[in-house]
Structure formats: C-alpha cells, structure tokens
Amino acid sequence: GANVGGIPDYIEDGKTGYLFEFRSADDLEEKMRKFLSLDSVREKSMREEARNTAESYDITTFMGSLIEYYGQAMKTQ
C-alpha cells in the first residue's frame, strides 16, 4: 500500500504487507520484488497477519470513531 493518508494505519510495513512511497514507481517495484522473493513460510505468515488484522476491525467501532472525528471537526468551525 502507498505510505499516504490512513493506509499506514492498516498496514504494518514488513509484517502485514509493505508500504511504498506515494508516487514512487521505483519503491513500488522494490516492495513488489521483496514480497515475491519471500520464502513460503514468511509469505504465509505475512498473509495470516494481514488477515488477522483485517478481521480485527469492527465496522461499528470504526463508524463510531469516524462520527466522533467529524463531530469534533464541526465544533471547531
């Protein structure tokens, strides 16, 4: 994922995926090569970590946080 916006909040570089510098084709290529060169044990581990992370997110909690964030933003205007 690109190292921009909220993406780094969901991808732990080297553990649940790889982050590449936004708009850097060279860095994206490097991270893709890095992933493709993983041994099967490390690749499986990374995939499992990513899946566990994704499954740990709860839409209700996320939406509550989002509503709170926008509520705070509205108060400051």
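A few comments on the model shown:
- The test for being at pLDDT below 90 and outside any loop (DSSP other than H, G, I, E, B) does not hold for Leu28.
- Arg23 vs. criteria part of a helix (DSSP H, G or I), open to solvent by 50 Å² or more (accessible area, probe 1.4 Å) and modelled with pLDDT of 95 or more: no
- First in the stretch 58-77 and within 16 Å of Tyr10 (Cβ to Cβ) and hydroxyl-bearing (Ser, Thr, Tyr), second anywhere and open to solvent by 70 Å² or more (accessible area, probe 1.4 Å) and part of a helix (DSSP H, G or I), Cβ under 8 Å, 6 or more apart: none
- When Tyr18 is tested against (1) surrounded by 10 or more Cβ atoms within 10 Å (Cβ to Cβ); (2) at pLDDT below 90, just one condition goes unmet, and that condition is (2).
- One residue stands out in the stretch 26-77 among those that are under 18 Å from Ala2 (Cα atoms) and exposed (fewer than 11 other Cβ atoms within 10 Å of the Cβ): the one that is nearest to the chain's Cα centre (by Cα), namely Ala54.
The values are calculated or read from the model by the stated rules, or taken from the named source; none is laboratory data. Computed from a prediction, not measured in an experiment: that's the story for all the values here. Here the Cβ is made from the backbone with ideal geometry for all residues, glycine too, and neighbour counts use every protein chain on show. Remember, those area values only see protein heavy atoms, side chains included, never the ligands or the DNA or RNA. Shrake-Rupley method; radii C 1.70, N 1.55, O 1.52, S 1.80 Å.
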